[in-house]
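Just below is one structure, and these are the notes that go with it.
The values are calculated or read from the model by the stated rules, or taken from the named source; none is laboratory data. All of these numbers come straight from a predicted model, not from anything done at the bench. As a convention, Cβ positions derive from the backbone with ideal geometry for all residues, glycine included, and neighbour counts pool all protein chains shown. The protein model used for the area step is the full one, side chains on, heavy atoms only, and it has no ligands, DNA or RNA in it. Shrake-Rupley method; radii C 1.70, N 1.55, O 1.52, S 1.80 Å.
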Amino acid sequence: MRVSLFIACYNDTLFPETGKAVVRVLERLGHTVDFPAGQTCCGQMHWNTGYQAEAMLLLERFVAQFKGAEAVVCPSTSCVGMIRDHYPKMAEQIGGARLKAEVAELLPKVWEFSEFLTKRLGLEDVGAYYPHRVTYHASCHGLRNLALGDGPMRLLRAVRGIDLVEIENLETCCGFGGTFAVKNAEVSSAMLGDKVRAVLNTRAEVCTACDNSCLMHIDGALHRQRTGVGVAHLAEILGSEE
């Protein structure tokens, strides 16, 4: 299968290793990966903070870049959530039968990375090896918007050498929420404190998730407290080999 990678703007800028890991996994599984060079932000930040006119332009750009793709894979639950939840409504607001038809045709082909593996390809074991103690944080968008369920955990359990420890209160938010962490810093910090304590209680070496925005938030607290615990996107774990 030919898979088009939508890396998401913050991954492209801050976490390029995640995109490289996605490519490693997909190519290991025998797929061809392309990267439309004109891609940019999905528009989530603009849409959520009231800049809806600017977000509309990014919808049109996304469709233009990925129109005709066999499958579009993105290692960000929040970006895929944005695309699925809001693009149809945005296309309706812009108007025009052509754009609405293109969005309707493209959306079923857009997958979050872990769900592409488990739901589209029907896989759990992708040939990974990661000899570390790991705990998994379920992001809110993945858990509630995309209904990933235990898909990411099934992928992790199949990794050779891993010591996977389930975190307490798995369904509890880490407190990031994009601009929520800025606008409601005290509440966000309290939620983050609970999540970090849960991570430390597992005695894991690494905390993983399907979204680097959550991991960035969690990693900041882990680093400031000098815990020695690291973070890694699920794709980076699945991309590791002996």
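Angle of helix 212-224 to the longest C-alpha principal axis of the chain, folded into 0 to 90 degrees and rounded to 10: 30°. The charge dipole of the chain, taken about the Cα centre with unit charges on the Cβ atoms of Lys, Arg (+1) and Asp, Glu (-1), comes to about 160 debye, rounded to the nearest 20. Using the 1.4 Å probe convention, the accessible area of the chain works out to 46 Å² per residue with neighbouring protein chains retained. Relative to the longest principal axis of the Cα atoms of the chain, the long axis of helix 97-106 makes an angle of roughly 30 degrees.
Across the range 30-108, the volume of the C-alpha convex hull divided among the residues equals 92 Å³ per residue.
Surface composition of the range 1-140: carbon and sulfur atoms hold 53% of the protein heavy-atom accessible area at a 1.4 Å probe.
For the options Arg224, Arg24, Arg203, a Gaussian network treatment of the chain with springs between C-alpha atoms closer than 10 Å singles out Arg224 as fluctuating the most. Greater than 26 Å separation of Cα atoms is the criterion. Which listed pairs, Lys20/Lys183; Lys20/Lys100; Lys20/Lys67, meet it? Exceeds cut-off: Lys20/Lys183; Lys20/Lys100. Length available on full extension from Glu168 to Leu14: 0.36 nm per residue minus the Cα-Cα distance, which gives 52.6 nm. Fully extending the segment from Phe35 to Arg224, taken as 0.36 nm per residue of separation minus the present Cα-Cα distance, adds 64.5 nm.
The mean of 1/r over all distinct Cα pairs in the chain, once inverted, gives the Kirkwood hydrodynamic radius of 18.4 Å. Taking the accessible area of the range 177-242, probe 1.4 Å, and keeping the other protein chains in place, the carbon and sulfur fraction comes to 49%. At 222 nm, what value in deg cm²/dmol follows for the chain if DSSP H runs of at least 4 each add -39500 (n - 2.57) and the sum is divided by all its residues, to the nearest 500? Value at 222 nm, helices only, nearest 500: -14000 deg cm²/dmol.
Using the alpha-carbon atoms, what tilt in degrees (0 to 90, nearest 10) does helix 16-28 show relative to the longest principal axis of the chain? Tilt relative to the chain: about 80 degrees.
Taking a point 7 angstrom from the Cα of Glu105 along the C-beta vector, which residues in the range 39-71 have backbone N less than 19 Å away? Under cut-off, by backbone N: 59-71.
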